[in-house]
Amino acid sequence: MDKSPTTELVDLVRRAQRGDELALHDLIVSYQNRVAGFVYAMMNRSDVVEDISQQVFIKMVRAIPGLQAPAQFESWLFRLARNTCIDHLRRQKLRRIFLPFEPEHEDVAEPAGAVDTEELDALRHALGQLRPQDRALIALVQEGRSHAEIAETLKTSVAAVKARLHRAREQLKEHYNSDNEN
Amino acid sequence: MKTELHAWNQLRDKAAAQLHPQFAHNVLRVARTTSEVVPSLLSYVTLSAATLVVCFFALTYVNHVSVSQDQARQASDWQQVISVDEDSLSMQ
């Protein structure tokens, strides 16, 4: 009998919960590119992608034994990723308050167009204009999270998610198009 | 819309290219060898509060010592003035 992808995932998560290293390894390999994409969209800088993605997966490895619903693994993982990115952005903000004159490399923008295409530059610029919470919303939708899952992640209603998402998409489109026209 | 979708794909590809080929292996190794990698926001706030308290007590102590020394010096100065006055009065 063939197993559905969901059943396979649940099996993998259950094995990982029992401390099976191979299952943990397979879970990381399966999700590392998607999490890295999410982190890049959130942080808008490529140099921190590996570091933050690693933090997300380390949290996953430590917290997975306590995950109550293995079927909810994906939304749980992206919640971890979102919270890790938001924490990182908050810490950056705090560092800027306490060390305002330190030449932080995080303030140095990646050279525009050096290796990226115009489309990617425009998208990165447009994402950079949004609030981190709105970037998270759009990145979660891009990762295929449903409105209900996002509402649960953000502890809000589906209607509120839809309204915020609509606003965020409009802003993103506006900045993306204006940047692309330039 | 199509170009935006294309841009999202490029963003994912670029993000994936940032990861080390042995990324999963490295994650598991780090997770096994370290207890806590990232200090939490709470730990930053606690450390800041503790630093503030230590600085406050250090400042209070330094201020107390400096005021005590000033007072002792002024008292001895006044003592000298009084003794000079008493000497001049007794000579008269």
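Details
- Per residue, the protein assembly as shown exposes 60 Å² of accessible surface when a 1.4 Å probe is rolled over the protein heavy atoms with every protein chain present.
- Take each residue of peptide A:34-42, count the partner chain Cβ atoms within 10 Å of its Cβ, and average: the result is 4.
- For the pair A:GLU174 and A:ASN83, label points projected 7 Å from Cα toward Cβ lie 3.3 nm apart.
- Derived scalar couplings between HN and Hα for the range A:62-77 equal 6, 9, 4, x, x, 5, 6, 10, x, 5, 8, 3, 4, 5, 5, 5 Hz in order, rounded to whole Hz, by the Karplus curve 6.51 cos²θ - 1.76 cosθ + 1.60 (θ = phi - 60°), x for Gly and Pro.
- Entry note, chain B: the mean residue ellipticity at 222 nm calculated from DSSP H runs of n ≥ 4, each adding -39500 (n - 2.57), is -30000 deg cm²/dmol after division by the residues and rounding to the nearest 500.
- Net charge dipole, chain A: roughly 1020 debye, given to the nearest 20, about the Cα centre with Cβ charges of +1 for Lys and Arg and -1 for Asp and Glu.
- Burial here means at least 30 square angstrom less accessible surface with every protein chain in place than with the chain by itself, probed at 1.4 Å; in the range A:142-182 the buried residues are A:GLN142, A:TYR176.
- Remark: spin-label model distance B:ARG73-B:THR46 equals 4.3 nm, labels positioned 7 Å along the Cα→Cβ axis.
- Helix-only CD estimate at 222 nm, as mean residue ellipticity for chain A, using -39500 (n - 2.57) per DSSP H run (n ≥ 4): -24000 deg cm²/dmol
- Per-residue SASA entry for A:HIS166, accessible area with 1.4 Å probe, Å² rounded to 10: 110
The values are calculated or read from the model by the stated rules, or taken from the named source; none is laboratory data. Everything numeric here is computed off the predicted structure, so don't read it as measured data. Positions of Cβ are generated from backbone atoms using ideal geometry, with glycine treated the same way; all protein chains shown enter the neighbour counts. Ligands, DNA and RNA are stripped out before the accessible areas are found, and what is left, the full protein with its side chains, is counted by its heavy atoms. Shrake-Rupley method; radii C 1.70, N 1.55, O 1.52, S 1.80 Å.
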